[in-house]
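Trainee: Next up is a structure, given as structure tokens.
The values are calculated or read from the model by the stated rules, or taken from the named source; none is laboratory data. Treat the numbers as computed from the prediction; the structure is a model and nothing was measured. Every residue, glycine among them, receives a Cβ derived from its backbone with ideal geometry; neighbour counts consider all protein chains shown.
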Amino acid sequence: MGGWTLAWTNAALAIGAWAVAAPFIVHMMTRRTPRTLVFPTLQFLKRAHASQSRLFRMRDIILLIVRTAFITLLLLAFLKPVLRARAMTDAGQQQQAAIIVVDSSLSMQYNAGGVTPYARAQRVVSDLLDHIPSSAATNVIFASASAKPSLATPGSSAAPLLRDVQASAPTLERGDIGAAIDEAVNQLDAFPNHARTIYLVSDFQRTNWAAAPFGAIPDDVKLVFSPVGEASASNAAITNVMLRPRSPVVSEMIEIVCSVANYGPSAIDITVTLEMDRIGEVPAQTPESVDTLQRQIRLAPASSGSVSFRLRATDTGSFEGHLRIPDDNLSADNDRFFVFDVQNQIDVLLVSDATREAQSSGYFVLRALDPFALDTGTPHASTVRARECRARDLDLPSAQPQVLVLDGAGPLPTRSAEQIAAYLADGGAMVYFLSDVLDKSNLDAIASASKTTFSLPFTLTSMINHRALGSESASWTNANFEEPVLRRFRDGRDVANLLFYQYFGTERVQGRGQVFARYGDGNFALGKGALGAGSILLCNFSAARDASDIATRPAFIPLIHEMIKSMRPQEGAVSRAIAGEAASGSVPASASATGVQFFAPSGKTVSANTDRRGERLSVILSEVDEQGFYRVMEGSHHLGSLPVNVDARESDLLALSNHELEQLAASPKRKMAAASGRDAIEALMDGVPIWPYLLLGAMCVLGCEQALLLMLKK
Amino acid sequence: MDLSRIKSRQSSPPPLPTAGRGGAQHPEWKYLSHAELMGLKNLLFAARLIVEGAYAGRHRSPYKGSAAEFVDYREYYPGDEIRTIDWKAFARTDRYFVKLFERETDMACHVVVDRSASMGYGGKAFNAFFPTKEISKLDYASYLAAAIAYLLVKQGDRVGLTLFDEKITANIPAGSTFPHLYGILNLLERQKPGRKTSVARALHDVFALHKRRGMLILISDLLDDPVSVFQSLDMFRHRRFEVVLFHVLHRYELTLPPLDSVNFIDAENGEVLTARPEDIGTSYERELRAYLDAMAAGARARGIEYNLVSTAMPYAAALQKYLLHRGAR
């Protein structure tokens, strides 16, 4: 990488270069101009001359060359040349500044044969610090989820750096290489006139380094790559946990899907174990223990797969789940922690300014969702608990619903539109009954507030009023009954008889969303779009009496419930917090919310920011460095848990080769080198001495000269 | 025969130069310096014994049976046969004299000397590289030729001289007098290295000059195609010439000169080769040895006297070696 160049450690002796001319001078001095002699006959001379070998005739020149070569090799040997990496040259008399970036991410814990890449990295850093001149400004940056420099600014003493390195350990975090490189560049900016070098000591995991911002490094900064990873590493890891549905309710069948990956060269059989602290009812036909469930999976080389655990939620509350596979050389990614809540009901929030108005769509929808919603004093066993609020009163962060319904909502204030956009972007679900021109501007407001693409299946044109047009009504003539929302109405009779008097004209947006139902005039009645991770069900109709008769139909209530159920997130990841980053979540708030403590998986107390919103307590742990459950306790009462896991990207140990690194980091003027291992470091920093070979060569040439003389004598 | 005749005969040859390079009185007669002459005089006894012994009785005279006729006296030299001393002349003069007999047939000796460009190796230009003076192959060959000629003349034999490079450049027919000898020496004195070598062609031309059998002494570096050279020599052998080869090579031709890097230039065709002698010396000597062995084998197969002579070898020693070898036959 970068090539090698010759450097002379004893250049002062170059004054002896004149000695190279000595053989030539002697040759010229001893050479005689041929004397002219008239000889009786050349016939015998010619025969004798012809019998001479070409080698013999050229012997003077050959000996001159050989002797000059001997002197030259001898002189070169005395100049003590070393082969030095091109990246390490031209420092010369210039002051040096060096930053050593040490990868302290999870993958550096990989332990095969008793030595981890991190242990090798510590030795490499120690060797580098030994060879970097003591006058150089040096610092070490540990690259984990954030860049952690050993010193605030580079200094000339290597001792504190060495202490830090020796005392350090790899983390459970994913390495943020970009942050580390940025920090290194920032620190080197203070030394613009120095010969600057960044040493990168890592296993150069592809998932971390493929997108490393080498372009941010100035061209005059030399890069030295020091790979310390295993030549071939195999690893198995749990990469994800999904819950289906994402927010289960009591008595619902829950499926816990565990994704497992095999980053190894051979197929493996893995036993996946699930432990739950509160386990629901196990299906009767399965013989597993209530506390621990196991599944087997066989994974081909470099492949991934999943196993499912099906449980029935028999109780409400929060549950901790712990998935694990047998330990291997990288054990931290063999565990996955997750938490999920089992609700007693599906929480729906209806945003409407007209629920109190009889005959309004909001009124009918609310009654269809939750007949007892308006009567809060009565306990009910409905599967849906509907709350309602006005558009201007919307406050989603305090209690996010599973499904948000907008029907007859007034003009959305900007704050409300932003909340809806954020809610949807985070995976929320929304059903929007379009009944008024205000709905068009509300959709526009949500689109404006969103930071991601708002993908709707159709746009709204003008309102169509069949009664005003004299055509009485329209019906759904075309519907996709395979969609979950309409599956129940597969026979078509229930929805075919629905009459619609008023709805928006629509224009299809090709390639965006899906449409499920269409009116006889071709306008779309039902469609689904997306915003971020969330989804929107657009209902181009209203339940108001003057807009349709669906509220009077038997299919209305099941249709509304199917909409809610189909829009509820069917699955979702349940372990998002990553070691090294902030972890946040909400737990049920106690009545007082005082005396709440937070405990790391190891049991140590940690601090957190909290925010009570209604019945929930939002918890933000600014930095988590352990894997497991961070528990929120109020005395002995376990309020809730925040699961923290390792980043699954650290499990893929496939590394970039030196060539690939060179290509990634290459720029026209950049100098690069690679060295791993003590010998390579020494060769890199001090150069490979080649003077012994030159001396040997000189002796060989001397031997050749003697052999030549003997041969010529014969 | 009176003694006055002997005295006049004694005074017939002019005083030989004793100054010059070796101390001959006449510098131009450097090849017969007194010191060298003294050396030659040392060889004369053995040389005379061998040559006369070899020639006397071996000459195949077409006139068989004829006795030798007394013609003259000459002063006694140590080594002469005692039986040839004229005791009567000693009684009269208190000096030793030997009788000279006219040979019915005299065998001419033709000294053929290579003066091509390659024979100039080791001369003045060469001496620029070395602190001690080196003698060129041509000079050495000339010394050798002079010594042979002198010996032969002193022995009363006829000797001729032919110089060649790619063809004959000078020829002195065989003669036995001292003036003749002086002519030969004079010619040798004046010689400088010539052009390219063509031993075979030159021998062809020499063969055409000499109809009667005799002795052919070839002094050359023989840097020519051995097959062609031997084919030419075969002609002389066929005519029953006695052939003696003096293969003259410079000592820094037998081994490469101890120099660093050298641009070797071929003396005869100008080709250039740059090499270091120490690097290719062993291979060169191996190649040269193979060539010399081939030359010796070829000569041996033809009954040709072959003598490899280095310029480092004293020429008298070279001659003595040859004469002793001949004496053994």
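Trainee: Do the conditions hold for A:Ala573, that is, is it at pLDDT below 85, among the hydrophobic types (A, V, I, L, M, F, W, C) and surrounded by fewer than 17 Cβ atoms within 10 Å (Cβ to Cβ)?
Mentor: Answer is yes for this residue.
Trainee: Would you check if there is a residue in the range B:178-199 being within 30 Å of B:Lys154 (Cα to Cα), part of a strand (DSSP E or B) and under 19 Å from the mean Cα position of the chain (by Cα)?
Mentor: No: the range B:178-199 contains no residue that is within 30 Å of B:Lys154 (Cα to Cα), part of a strand (DSSP E or B) and under 19 Å from the mean Cα position of the chain (by Cα).
Trainee: Pick out the one residue from B:Leu222, B:Leu259 that is assigned to a loop (DSSP other than H, G, I, E, B), in contact (Cβ under 8 Å) with a residue 60 or more places away in the chain, within 11 Å of chain A (Cβ to nearest Cβ) and at positive phi. Lay out the reasoning, then the answer.
Mentor: Working: B:Leu259 fails: at positive phi.
On inspection, the qualifying residue turns out to be B:Leu222.
Trainee: Further question: State whether one or more residues within the range A:18-40 are at pLDDT 80 or above, touching a helix residue (DSSP H, G or I) at 6+ places or on another chain (Cβ under 6 Å) and within 28 Å of B:Tyr252 (Cβ to Cβ).
Mentor: Yes, the range A:18-40 contains a residue that is at pLDDT 80 or above, touching a helix residue (DSSP H, G or I) at 6+ places or on another chain (Cβ under 6 Å) and within 28 Å of B:Tyr252 (Cβ to Cβ).
Trainee: Being under 30 Å from A:Ala231 (Cβ atoms), in contact with a His (Cβ under 7 Å, 6 or more places away or on another chain) and acidic (Asp, Glu), is that true of even one residue in the range A:686-707?
Mentor: yes
Trainee: To continue, here is another question. More than 14 Å from chain A (Cβ to nearest Cβ), surrounded by 18 or more Cβ atoms within 10 Å (Cβ to Cβ), modelled with pLDDT of 85 or more and under 21 Å from B:Met119 (Cα atoms): is that true of B:Ile217 in this structure? Spell out how you get there, then give the answer.
Mentor: Details: more than 14 Å from chain A (Cβ to nearest Cβ): yes; surrounded by 18 or more Cβ atoms within 10 Å (Cβ to Cβ): yes; modelled with pLDDT of 85 or more: yes; under 21 Å from B:Met119 (Cα atoms): yes.
Answer is yes for this residue.
Trainee: Could you tell me whether the range B:249-256 includes any residue that is surrounded by 22 or more Cβ atoms within 10 Å (Cβ to Cβ), touching a strand residue (DSSP E or B) at 6+ places or on another chain (Cβ under 9 Å), more than 9 Å from chain A (Cβ to nearest Cβ) and within 16 Å of B:Tyr306 (Cα to Cα)?
Mentor: Scanning the range B:249-256, I find no residue that is surrounded by 22 or more Cβ atoms within 10 Å (Cβ to Cβ), touching a strand residue (DSSP E or B) at 6+ places or on another chain (Cβ under 9 Å), more than 9 Å from chain A (Cβ to nearest Cβ) and within 16 Å of B:Tyr306 (Cα to Cα), so the answer is no.
Trainee: Continuing with this model, one more query. Return yes when B:Arg212 is within 12 Å of chain A (Cβ to nearest Cβ) and among the basic types (Lys, Arg) and no when it is not.
Mentor: Working: within 12 Å of chain A (Cβ to nearest Cβ): no; among the basic types (Lys, Arg): yes.
Spelling it out, it is not the case that B:Arg212 is within 12 Å of chain A (Cβ to nearest Cβ) and among the basic types (Lys, Arg).
Trainee: Mind checking which residues of the range A:632-661 are at pLDDT below 90 and either closer than 24 Å to A:Leu323 by Cα or assigned to a strand (DSSP E or B) (or both)?
Mentor: Correct list: A:Val632, A:Met633, A:Glu634, A:His637, A:His638, A:Leu639, A:Gly640, A:Ser641, A:Leu642.
Conditions tested, residue by residue: (1) part of a loop (DSSP other than H, G, I, E, B); (2) acidic (Asp, Glu); (3) surrounded by fewer than 19 Cβ atoms within 10 Å (Cβ to Cβ).
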| position | (1), (2), (3) |
| --- | --- |
| A:Gly527 | no, no, no |
| A:Ile536 | no, no, no |
| A:Arg545 | yes, no, yes |
| A:Ile557 | no, no, yes |
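Trainee: Looking only at residues that are of a type in the set (D, E, K, R) and over 24 Å from A:Gln627 (Cα atoms) in the range A:230-266, which one is surrounded by the fewest Cβ atoms within 10 Å (Cβ to Cβ)? Step through it out loud before you land on a result.
Mentor: Taking the range A:230-266 as the starting set, the residues that turn out to be of a type in the set (D, E, K, R) are A:230, A:244, A:246, A:252, A:255.
Keeping just the survivors that are over 24 Å from A:Gln627 (Cα atoms) gives A:230, A:252.
Working: A:Glu230: 21, A:Glu252: 18.
If we take residues in the range A:230-266 being of a type in the set (D, E, K, R) and over 24 Å from A:Gln627 (Cα atoms), then A:Glu252 is surrounded by the fewest Cβ atoms within 10 Å (Cβ to Cβ).
Trainee: I would also like to ask the following. Among the residues of the range A:677-710, how many are farther than 23 Å from A:Ile132 by Cβ and of a type in the set (Asp, Glu)?
Mentor: 1
Trainee: Here's another thing I want to ask about it. Output the number of residues of the range B:89-138 satisfying the condition of being within 14 Å of chain A (Cβ to nearest Cβ) and at pLDDT below 85. Step through it out loud before you land on a result.
Mentor: Going residue by residue through the range B:89-138, those that are within 14 Å of chain A (Cβ to nearest Cβ) are B:114-130, B:134, B:136-138.
Applying the additional criterion that residues be at pLDDT below 85 yields B:122-130, B:134, B:136.
Number of matching residues: 11.
Trainee: Given the options A:Ala399, A:Ala373, A:Ala358, name the one that is surrounded by fewer than 16 Cβ atoms within 10 Å (Cβ to Cβ), over 38 Å from the mean Cα position of the chain (by Cα), among the aliphatic types (A, V, I, L, M) and at pLDDT below 80. Talk me through it step by step, then tell me what you get.
Mentor: Details: A:Ala399 fails: over 38 Å from the mean Cα position of the chain (by Cα); A:Ala373 fails: surrounded by fewer than 16 Cβ atoms within 10 Å (Cβ to Cβ).
So the residue among A:Ala399, A:Ala373, A:Ala358 that is surrounded by fewer than 16 Cβ atoms within 10 Å (Cβ to Cβ), over 38 Å from the mean Cα position of the chain (by Cα), among the aliphatic types (A, V, I, L, M) and at pLDDT below 80 is A:Ala358.
Trainee: Given the conditions (1) at pLDDT below 90; (2) facing chain A (nearest Cβ under 9 Å); (3) part of a helix (DSSP H, G or I), report the number of the one that B:Asn269 does not fulfil.
Mentor: For B:Asn269, the failing item is (3).
Trainee: Which one of the conditions (1) assigned to a strand (DSSP E or B); (2) at the interface with chain A (Cβ under 8 Å from one of its Cβ atoms) does B:Val243 fail to meet, given that it meets all the rest?
Mentor: All conditions pass for B:Val243, except number (2).
Trainee: Consider only pairs whose beta carbons are under 6 Å apart and that are at least six residues apart or on different chains; among these, list those whose first residue lies in the range B:152-178 and is in contact (Cβ under 8 Å) with a residue 40 or more places away in the chain and whose second residue is of a type in the set (Lys, Arg).
Mentor: Filtered contacts from the range B:152-178: B:Gln155/B:Arg48; B:Leu163/B:Arg115; B:Asp165/B:Arg115; B:Asp165/B:Arg195; B:Glu166/B:Arg195; B:Glu166/B:Lys196; B:Ala174/B:Arg158; B:Ser176/B:Arg158.
Trainee: A further question follows. Find the helices (runs of 4 or more DSSP H) located wholly in the range A:443-523 whose residues include 2 or more that are under 47 Å from the mean Cα position of the chain (by Cα), and list them.
Mentor: On the way: elements: A:466-469, A:484-487, A:493-496.
Fully inside the range A:443-523 and qualifying: A:484-487.
Trainee: Select, from A:Arg490, A:Arg512, the only residue that is surrounded by fewer than 21 Cβ atoms within 10 Å (Cβ to Cβ), of a type in the set (Lys, Arg) and in contact (Cβ under 8 Å) with a residue 24 or more places away in the chain.
Mentor: Details: A:Arg490 fails: in contact (Cβ under 8 Å) with a residue 24 or more places away in the chain.
Result: A:Arg512 is the single residue among A:Arg490, A:Arg512 that is surrounded by fewer than 21 Cβ atoms within 10 Å (Cβ to Cβ), of a type in the set (Lys, Arg) and in contact (Cβ under 8 Å) with a residue 24 or more places away in the chain.
Trainee: List every residue pair whose Cβ atoms sit under 7 Å apart, with the two residues 6 or more apart in sequence or on different chains, where the first one lies in the range A:649-664 and is farther than 20 Å from A:Leu106 by Cα and the second, anywhere, is in a helix (DSSP H, G or I).
Mentor: Filtered contacts from the range A:649-664: A:Leu664/A:Phe214.
Trainee: On the given criteria, is A:Leu684 over 21 Å from A:Thr9 (Cβ atoms) and part of a helix (DSSP H, G or I)?
Mentor: Values: over 21 Å from A:Thr9 (Cβ atoms): no; part of a helix (DSSP H, G or I): yes.
Answer is no for this residue.
Trainee: Hey, among the residues in the range B:274-310 that are of a type in the set (Lys, Arg) and either in a helix (DSSP H, G or I) or buried (at least 17 other Cβ atoms within 10 Å of the Cβ) (or both), which one's farthest from the other protein chains (Cβ to nearest Cβ)? I'd like the intermediate steps shown before the answer.
Mentor: Of all residues in the range B:274-310, those of a type in the set (Lys, Arg) come to B:276, B:286, B:289, B:300, B:302.
Next, only the ones that are either in a helix (DSSP H, G or I) or buried (at least 17 other Cβ atoms within 10 Å of the Cβ) (or both) stay: B:276, B:286, B:289, B:300.
Values: B:Arg276: 9, B:Arg286: 7, B:Arg289: 10, B:Arg300: 21 Å.
Of everything passing the filter in the range B:274-310, B:Arg300 is farthest from the other protein chains (Cβ to nearest Cβ).
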